[in-house]
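Below is one structure; the comments refer to it alone.
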Amino acid sequence: MIARAHPPSGPVSGRSLLYTTLASPIGELLLLGDGRALHGLYMQQGRRPKRISPDWRPFAAPFAAVIEQLRDYFDGRPVTFDVPLRLRGSAFELRVWQALREIPYGHTVSYGELARTIGEPSAARAVGVANARNPVAVIVPCHRVIGADGSLTGYGGGLERKRRLLELESAQRQLQT
């Protein structure tokens, strides 16, 4: 519920980003961006909550589209997120994050399958590390990656949140078939 009636004055630089929070069924989400693109979406009740930098400025208006899409998603409607993203990572991480975005709603893949998808069949562990560094939870759906045996494995938001997201998508997918 952090917002102002008017935009902050002055340029928005890499050090002066905008943020807002959103209550969700998986806890508070912190949205971080520059007014043009989303830089991060963090689960604040997860294992690694993101600290709000004193350089960031609270302002909700630029996040209206992503908030609407997230609400639709949490209401059980399949969403193809189409908000502009600004992801920063290594070339390998960016490839993994792009491959994550291509996993269909309601589906899961193993770390090994994802490694093969990006042309690095022996890099399942590195894929797991890149997955853990995903700065845009839910929208870049790292929760859709599971163990080779079908088990739920590591998730920055905690396994219970991962389970809830997968159950939400699975239930909606079953309604569509």
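The values are calculated or read from the model by the stated rules, or taken from the named source; none is laboratory data. Because the structure is a prediction, the values reported are computed rather than measured. Ideal geometry is used to build each Cβ from the backbone, glycine not excepted, and the neighbour counts take in all protein chains shown.
Limited to segment 19-49, what total is found for residues that are among the small types (Gly, Ala, Ser), modelled with pLDDT of 80 or more and either in contact with a Gly (Cβ under 9 Å, 6 or more places away or on another chain) or more than 17 Å from Val66 (Cβ to Cβ) (or both)? Working first, answer last.
Filtering segment 19-49 for residues among the small types (Gly, Ala, Ser) gives 23-24, 27, 33, 35, 37, 40, 46.
Adding the requirement that they be modelled with pLDDT of 80 or more leaves 23-24, 27, 33, 35, 37, 40.
From what's left, either in contact with a Gly (Cβ under 9 Å, 6 or more places away or on another chain) or more than 17 Å from Val66 (Cβ to Cβ) (or both): 27, 33, 40.
Residues that pass the stated criteria total 3.
Name, by its number, the condition in (1) touching a helix residue (DSSP H, G or I) at 6+ places or on another chain (Cβ under 9 Å); (2) modelled with pLDDT under 95; (3) of a type in the set (Ser, Thr, Tyr) that does not hold for Ser16.
Failed condition: (1).
In segment 113-137, what count of residues is obtained for those that are among the small types (Gly, Ala, Ser), within 11 Å of Ala99 (Cβ to Cβ) and surrounded by 19 or more Cβ atoms within 10 Å (Cβ to Cβ)? Reasoning before the result, please.
Quick first cut of segment 113-137, residues among the small types (Gly, Ala, Ser) only: 115, 119, 122-124, 126, 128, 130, 132, 137.
From what's left, within 11 Å of Ala99 (Cβ to Cβ): 115, 119, 130.
Those still in the list that are surrounded by 19 or more Cβ atoms within 10 Å (Cβ to Cβ) too: 115, 130.
Of the residues in that region, 2 qualify.
For segment 29-46, which residues satisfy the criterion of being assigned to a loop (DSSP other than H, G, I, E, B) and either more than 13 Å from the chain's Cα centre (by Cα) or surrounded by 21 or more Cβ atoms within 10 Å (Cβ to Cβ) (or both)? Walk me through how you get there before you give the answer.
Looking only at segment 29-46, we keep the residues that are assigned to a loop (DSSP other than H, G, I, E, B), and these are 34-37, 44-46.
Across segment 29-46, the qualifying residues are Asp34, Gly35, Arg36, Ala37, Gln45.
From the set of residues in segment 66-92 that are assigned to a loop (DSSP other than H, G, I, E, B) and of a type in the set (Asp, Glu), which is farthest from Ala130 (Cα to Cα)?
Let us first name the residues in segment 66-92 that are assigned to a loop (DSSP other than H, G, I, E, B), namely 75-84, 86-90.
Among the residues that remain, those that are also of a type in the set (Asp, Glu) are: 75, 82.
Values: Asp75: 29, Asp82: 22 Å.
For segment 66-92, the residue satisfying everything is Asp75.
Look through Arg101, Arg86 and report the one residue that is of a type in the set (D, E, K, R), modelled with pLDDT of 95 or more and touching a Gly at 6+ places or on another chain (Cβ under 8 Å). Please lay out each step first, then the result.
Working: Arg101 fails: touching a Gly at 6+ places or on another chain (Cβ under 8 Å).
So the residue among Arg101, Arg86 that is of a type in the set (D, E, K, R), modelled with pLDDT of 95 or more and touching a Gly at 6+ places or on another chain (Cβ under 8 Å) is Arg86.
Residues that are closer than 22 Å to Leu31 by Cα, within 13 Å of the chain's Cα centre (by Cα) and either assigned to a loop (DSSP other than H, G, I, E, B) or not aromatic (Phe, Trp, Tyr) (or both): does segment 105-115 have at least one?
Step one: filter segment 105-115 for residues closer than 22 Å to Leu31 by Cα, giving 105.
From the residues that got through so far, the ones that are within 13 Å of the chain's Cα centre (by Cα) too are none.
Within segment 105-115, not a single residue is closer than 22 Å to Leu31 by Cα, within 13 Å of the chain's Cα centre (by Cα) and either assigned to a loop (DSSP other than H, G, I, E, B) or not aromatic (Phe, Trp, Tyr) (or both).
Just to be sure I understand the filter: pairs with C-beta atoms under 9 Å, separated by 6 or more residues or on different chains, first member in segment 36-48 and without any contact (Cβ under 8 Å) to a residue 24 or more places away in the chain, second member assigned to a strand (DSSP E or B). Which pairs pass?
Gln44/Thr21; Gln44/Leu29; Gln44/Leu30
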